[in-house]
1. Quick check on this structure: which one of PHE270, PHE290 is in contact (Cβ under 8 Å) with a residue 12 or more places away in the chain, open to solvent by less than 20 Å² (accessible area, probe 1.4 Å) and not charged (D, E, K, R)?
2. Could you check how many residues of the range 203-226 are under 24 Å from LEU320 (Cβ atoms) and either charged (D, E, K, R) or open to solvent by less than 10 Å² (accessible area, probe 1.4 Å) (or both)?
3. Only residues that are open to solvent by 30 Å² or more (accessible area, probe 1.4 Å) and either of a type in the set (A, V, I, L, M) or within 14 Å of VAL69 (Cβ to Cβ) (or both): list them for the range 112-122, please.
4. From LEU37, LEU55, LEU86, which residue is open to solvent by 40 Å² or more (accessible area, probe 1.4 Å), hydrophobic (A, V, I, L, M, F, W, C) and out of contact with any helix residue (DSSP H, G or I) (no Cβ under 7 Å at 6 or more places or on another chain)?
5. Identify all residues within the range 253-262 that are open to solvent by 10 Å² or more (accessible area, probe 1.4 Å) and closer than 22 Å to TRP170 by Cβ; write none if there are none.
6. Would you tally the residues in the range 89-111 being loosely packed, with under 15 Cβ neighbours inside 10 Å, polar (S, T, N, Q) and under 10 Å from TYR323 (Cβ atoms)?
7. Name the helices (runs of 4 or more DSSP H) wholly inside the range 236-353 in which the number of residues that are under 15 Å from PRO82 (Cα atoms) and modelled with pLDDT under 95 is 1 or more.
Amino acid sequence: MITHLKSALLFFGLLAVVSCGNSDDDVQFNPNLDNDLGIGQAVDDCIDLGSDELLLSIQDKFTTLPGKVSVFFRVTDVTGNPVAGLTADQFTIYEQGRNDDCFKTISPSESLARISPNSQVFTNHTLLVLDLSNSVLSSSLTELKSASSSFINNVMDSQQSDSFQMAIFWFDGQDILHELHPLTPSREALLEAIDGITPEISDDPSTDLYGAVIKSTEAAESLVQESSESNTIGAASVVLFTDGTDQASRYREQDALDKVAEANSNISFFTIGLGTEIDTQILESVGKTFSVFAGNKEELETTFNQLSQKVSERANSFYLFEYCSPKRDGSGENNLVIQVVRGSQQGAVQTRFDASGFTGGCQ
């Protein structure tokens with residue numbers, strides 16, 4: 001049996017609950033966007049772990065017989081920067097049952113605690129959106145193609161996984177977000193698409209920047225919604241490059257900014273600006289997750305590489321933590337605290353789980 005509670009904060013659903021034999025009625029897609037801890041809560045005062053320098057926000061949790069507890073969460077520092085690369089030995093588990101005054105430490109080795117691959121429960125889509133207006137095509141196309149290729153190589157794993165896919169779009173002055181290549185897990189296909197860009201690709205020399213922002217946000221929201229409907233936790237990143245300001249005036253600046261500000265919190269936004277004609281304030285507002293700027297085309301590849309690290313860190317800051325619980329209590333009164341320690345920093349989050357039907361033999 002799987003107990004599957006509310007999804008919250010950034011993500012929805014969970015594919016694993018279906019594969020373990022429960023009905024769809026057990027799954028609720030009801031985001032709680034106002035709580036930084038997701039469906040978790042602050043740790044009880046009875047356990048003094050110190051102040052939190054790291055934030056664990058639970059996205060989902062479920063149990064699987066004979067006794068496995070699985071918690072899917074994201075780790076950031078207190079300023080919101082993603083924390084990637086954590087390993088199972090950096091986590092400590094505390095449980096509290098009906099007869100426990102406070103929490104007791106559960107041995108990670110005895111409980112077979114581990115960080116498990118999250119490919120079955122999590123999808124991450126990156127939308128690379130390129131300004132191919134006349135100013136780019138005529139003066140910096142070679143550098144943009146090289147920088148974009150480096151970005152793809154850095155973000156996309158050489159071993160394909162449907163959990164991590166990228167699509168490439170481009171815009172000019174037309175009221176269209178052109179698709180250069182649809183979503184794919186193939187690094188080679190994306191690189192080939194970038195290599196095929198020529199100066200003749202665009203028929204409109206203007207720049208519909210605000211239209212590109214609005215349309216790419218809508219595309220990202222559709223992907224997140226599709227993940228939810230397929231019982232998968234989904235995230236998306238919009239990475240937008242431009243060397244100028246909006247010239248087409250098809251859409252209002254405020255509408256574009258509102259679209260980003262009101263976007264599903266599952267979506268992160270990154271911007272890259274090139275040259276002296278950009279509006280850094282606008283790009284920082286659009287790239288609310290992270291923004292970088294290159295003073296000239298020679299700096300473009302370095303700038304793309306800097307941003308690719310941020311995109312990868314965010315995708316890798318989500319963890320599926322699993323362990324075998326010693327609890328055999330079906331009352332639903334079992335509390336759980338997960339603590340992570342990274343150097344001198346620590347953080348913890350509290351949640352609950354139902355051990356109904358738990359027995360030995362968990363692996």
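The values are calculated or read from the model by the stated rules, or taken from the named source; none is laboratory data. Here the structure is a predicted model, which means the values were calculated and not measured. Here Cβ is always computed from backbone atoms with ideal geometry, including for glycine, and neighbour counts include all displayed protein chains. For accessibility, only protein heavy atoms count, side chains too; no ligands or nucleic acids. Shrake-Rupley method; radii C 1.70, N 1.55, O 1.52, S 1.80 Å.
1. Working: PHE290 fails: open to solvent by less than 20 Å² (accessible area, probe 1.4 Å).
Every option except PHE270 fails the conditions.
2. Here is the first cut: in the range 203-226, the ones under 24 Å from LEU320 (Cβ atoms) are 220, 223-226.
With either charged (D, E, K, R) or open to solvent by less than 10 Å² (accessible area, probe 1.4 Å) (or both) added as a condition, the list becomes 220, 224, 226.
Looking only at that region, the number is 3.
3. Start the filter on the range 112-122 by keeping residues that are open to solvent by 30 Å² or more (accessible area, probe 1.4 Å), which leaves 112, 114-115, 117, 119-120.
If the condition is that a residue be open to solvent by 30 Å² or more (accessible area, probe 1.4 Å) and either of a type in the set (A, V, I, L, M) or within 14 Å of VAL69 (Cβ to Cβ) (or both), then LEU112, ARG114, ILE115 are the ones that fit.
4. Working: LEU37 fails: open to solvent by 40 Å² or more (accessible area, probe 1.4 Å); LEU86 fails: open to solvent by 40 Å² or more (accessible area, probe 1.4 Å).
Answer to the selection: LEU55.
5. The initial filter retains those residues of the range 253-262 that are open to solvent by 10 Å² or more (accessible area, probe 1.4 Å), namely 253-255, 257-259, 261-262.
Correct list: GLU253, ASP255, LEU257, LYS259.
6. Total satisfying the criteria: 1.
7. On the way: elements: 253-261, 280-286, 300-315.
Fully inside the range 236-353 and qualifying: 300-315.
Here's the yes/no breakdown for (1) hydrophobic (A, V, I, L, M, F, W, C); (2) touching a strand residue (DSSP E or B) at 6+ places or on another chain (Cβ under 6 Å); (3) in contact (Cβ under 8 Å) with a residue 12 or more places away in the chain; (4) outside any loop (DSSP other than H, G, I, E, B):
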position: LEU49; (1), (2), (3), (4): yes, yes, yes, no
position: SER57; (1), (2), (3), (4): no, yes, yes, yes
position: VAL69; (1), (2), (3), (4): yes, yes, yes, yes
position: THR79; (1), (2), (3), (4): no, no, no, no
position: ASP89; (1), (2), (3), (4): no, no, yes, yes
position: ASN99; (1), (2), (3), (4): no, no, no, no
